[in-house]
Amino acid sequence: MKLVIIDYGAGNIQSIQFAFQRLGVDAVLTHDKEEIMKADKVIFPGVGEASSAMQKLCESGLDKIIPDLKQPVLGICLGMQLMCNSSEEGDTKGLGIFDTEVVKFKSPQPLKGGLKVPQIGWNEIKNLKTDLFHGVSENDYIYLVHSYYAPICNETIAVANYGLDYSAALAKDNFYGVQFHPEKSSKVGARILDNFLRM
Ligand SMILES: NC(=O)CC[C@H](N)C(=O)O
């Protein structure tokens, strides 16, 4: 099984690579289009600011191939956000895989209970759908760091609440995206990555 992590200069890729190592799988870090297209599974990571990450992706030409990939693809955090139609962050046009627009948590209102933006820490996931969450329980905890979120939509496969319900994960066809960091989400995160490897 060949697993690649797309390396376009905007990823937290080493921690993801280590997480797969703990599952016994050596992931290849690459920006090579052929290698990405031939892989069995693809991870699309991302941390930082949306428009600069998207710019790097476009400079590498990878924005053209990702939407056409046929194997299971998992976007993580900013990777998931860039798979949506757009992000409010830096007024960024996304890859248009998930049919939704990423927006910012409004601070301090309407967030209730003095919630701070960005959300940093552990939160619960619920309304879990698809085999990505096989063996994961409703209200299990995952780890997140983000200021922007995808609203609930037809492609939502997990929900989190931070002042409002939003998409903790999205799926469409062979594409999956998680707003949280499975590589930093302890046993639950490891289970989700393992489930992805079995798709
Ligand atoms: N942790 C991150 O890199 C966050 C991604 C994105 N800029 C957000 O705030 O939602």
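What follows draws every value from the coordinates through simple rules; no lab data is involved. It should be emphasised that the depicted structure is a prediction, and the values quoted were computed from it without experimental measurement. FYI the Cβ positions are ideal-geometry reconstructions off the backbone, even for glycines, and counts take in every protein chain you see.
A few notes on this one:
- Mean-position separation - Cα centroids, the stretch 172-197 and the stretch 40-90, in angstrom: 16
- Straight-distance crosslink candidates among lysines, where the alpha carbon sits under 28 Å from K104 and sequence neighbours closer than 8 are dropped: K56, K64, K93, K112, K116, K126, K129, K172, K184
- Near-label residues of the stretch 175-199 by backbone N, under 19 Å of a point 7 Å along Cα→Cβ of K2: 197-199
- Taken one residue at a time, the phi angles of the stretch 75-80 give Karplus couplings (6.51, -1.76, 1.60, θ = phi - 60°) of x, 10, 6, 4, x, 4 Hz. Gly and Pro are set to x.
- Considering only alpha-carbon pairs that sit under 8 angstrom and 6 or more positions apart, the relative contact order computed for the stretch 139-199 is 31 percent.
- Cα shape, the stretch 93-171, gyration tensor, a/c 1.5 rule: oblate
- Approximate spin-label separation K106-V25, in nm, with each point projected 7 Å along Cα-to-Cβ: 4.0
- Whole-Hz Karplus values for the stretch 87-97 come out as 10, 5, 5, x, 6, 9, 7, x, 7, x, 7 Hz, taken residue by residue from phi with 6.51 cos²θ - 1.76 cosθ + 1.60 and θ = phi - 60°; glycine and proline positions read x.
- Taken along the Cα-to-beta-carbon direction at a fixed 7 Å, the label points for M199 and E59 span 2.9 nm.
- Calculated SAXS-style log₁₀ I(q)/I(0) at q = 0.12, 0.15 Å⁻¹ - the stretch 1-127, Debye, Cα scatterers: -0.50, -0.75
- Karplus-derived HN-Hα couplings along the stretch 165-170 (A = 6.51, B = -1.76, C = 1.60, θ = phi - 60°), whole Hz, x at Gly and Pro: 6, 9, 7, 7, 7, 10
- In this structure the amide hydrogen of D140, modeled in the peptide plane, comes within under 5 Å of the amide hydrogens of I125, none closer than 5 places in sequence on its chain.
- Here's how it looks for M83: its modeled amide H is under 5 Å from those of L95, which are all 5 or more places away or on a different chain.
- Charged side chains reduced to their Cβ positions (Lys and Arg at +1, Asp and Glu at -1) give the chain a dipole of some 400 debye around its Cα centre.
- Helix-only mean residue ellipticity at 222 nm for the chain, each DSSP H run of n ≥ 4 adding -39500 (n - 2.57), per residue, nearest 500: -6500 deg cm²/dmol
- Modelled spin labels at I120 and N139, positioned 7 Å past Cα toward Cβ, are 2.8 nm from each other.
- Length, then width, then depth: along the principal axes, the Cα atoms of the stretch 110-151 run 33, 18, 17 Å.
- Tensor-based shape of the stretch 69-138 (alpha-carbon gyration tensor, a/c under 1.5 rounded, otherwise prolate or oblate): oblate
- Furthest towards positive pole of dipole, S186, I65, S167, structure part the chain, Cβ charges: S186
- Summing Lys and Arg as +1 and Asp and Glu as -1 over all other residues whose Cβ lies under 13 Å from the Cβ of I142 gives a net charge of 0.
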